[in-house]
1. For the range 131-148, check the following and say yes or no: at least one residue is of a type in the set (A, V, I, L, M, F, W, C), in a loop (DSSP other than H, G, I, E, B) and modelled with pLDDT of 95 or more.
2. Just checking, how many residues over the range 55-69 are among the hydrophobic types (A, V, I, L, M, F, W, C) and either touching a His at 6+ places or on another chain (Cβ under 9 Å) or not in a strand (DSSP E or B) (or both)?
3. Answer yes or no as to whether residue 160 is closer than 24 Å to residue 60 by Cα and surrounded by fewer than 18 Cβ atoms within 10 Å (Cβ to Cβ).
4. Go through (1) out of contact with any strand residue (DSSP E or B) (no Cβ under 8 Å at 6 or more places or on another chain); (2) among the polar types (S, T, N, Q); (3) part of a helix (DSSP H, G or I); (4) within 18 Å of residue 40 (Cβ to Cβ) one by one and return the number of the condition residue 128 breaks.
5. Restricting to the range 106-130, name every residue that is buried (at least 23 other Cβ atoms within 10 Å of the Cβ), under 17 Å from residue 61 (Cβ atoms) and not hydrophobic (A, V, I, L, M, F, W, C).
6. Taking the condition of being over 16 Å from the mean Cα position of the chain (by Cα) and open to solvent by less than 20 Å² (accessible area, probe 1.4 Å), how many residues in the range 44-81 meet it?
7. Scan the range 166-178 and tell me whether some residue there is without any contact (Cβ under 8 Å) to a residue 60 or more places away in the chain, outside any loop (DSSP other than H, G, I, E, B) and within 15 Å of the chain's Cα centre (by Cα).
8. Take residue 103 and decide whether it is exposed (fewer than 15 other Cβ atoms within 10 Å of the Cβ), within 23 Å of residue 201 (Cα to Cα), touching a strand residue (DSSP E or B) at 6+ places or on another chain (Cβ under 9 Å) and of a type outside the set (A, V, I, L, M).
Amino acid sequence: MRQLSRFPFALTSAALGAAGLLAACGGGGSAVTPISGSVVKGPVNGAQVCAYKAVAAGKGDQIRCVSTNSAGAYTMEVDYVGDVVIEASGGTYTDEATGTTKTLSDPLQLVLNAQGTAATGVVTPLTSVAYSLAKAGTGGVSSASFGTAATTVASQFQLGSVNIATTVPTVTGTANAYGQILKAVSQYVANGNTLSSFISFSAPATIQSAFNTAYATANGSSVNFTLGSTSTGTGTGTGTGTGTGTGTG
């Protein structure tokens, strides 16, 4: 009887060990990750923010969804270990270029790694550009490919060492440098272009001239942003443009 009583315990220990190994390898084990952040184009009220398991092509299985508050902020808990796509859609915001209320009709994304510790995800048009670059790159979407792309985007838009996925843009009052870029995105759309053409970043050379014009209109200073989908970016914020502005407005 004593020998038989040890057998279930041995099975339980082995099962727990295997589960722990799976979680440690990032194989979709169970660990609750608190994620907080905001959706900004300006701040989007009532946007649906959903977490998905990341796959090479982009979004895999949906994990859960929440809504943003009037300030564009959201919080959620994700019971998953691995790379996660955060996507925001719907909701309304005040357009910086026109002052009108608009609906967020084009979904915005970012990618982060969920490992059971608190994570931040600030979703903006620039993080969506990084997501598009990650999708188009070798290996597809992962937190690593997104991180590389986000560094490239920050460099091309002359944001220096700003982490575009964790830094909140200030778009009202005195805008910070990140906010000035988003104001230019709104002006780019107001000038007759589309948000989808910007965030897809499939023809950056075509976007470049129109964006430079929009930035000058929105911020009152001229900067030549040199945009290209293949640049790796250095995060130094020096840029390669020849414009007269500093990018600070």
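1. yes
2. 2
3. Details: closer than 24 Å to residue 60 by Cα: no; surrounded by fewer than 18 Cβ atoms within 10 Å (Cβ to Cβ): yes.
Here the answer is no, as residue 160 does not meet what is asked.
4. Only one criterion in (1) out of contact with any strand residue (DSSP E or B) (no Cβ under 8 Å at 6 or more places or on another chain); (2) among the polar types (S, T, N, Q); (3) part of a helix (DSSP H, G or I); (4) within 18 Å of residue 40 (Cβ to Cβ) is unmet by residue 128, namely (1).
5. 109
6. Residues meeting the conditions: 2.
7. yes
8. On the way: exposed (fewer than 15 other Cβ atoms within 10 Å of the Cβ): yes; within 23 Å of residue 201 (Cα to Cα): yes; touching a strand residue (DSSP E or B) at 6+ places or on another chain (Cβ under 9 Å): yes; of a type outside the set (A, V, I, L, M): yes.
So residue 103 passes the test.
The values are calculated or read from the model by the stated rules, or taken from the named source; none is laboratory data. Since we're looking at a predicted model, the values are computed, not measured. Here the Cβ is made from the backbone with ideal geometry for all residues, glycine too, and neighbour counts use every protein chain on show. For accessibility, only protein heavy atoms count, side chains too; no ligands or nucleic acids. Shrake-Rupley method; radii C 1.70, N 1.55, O 1.52, S 1.80 Å.
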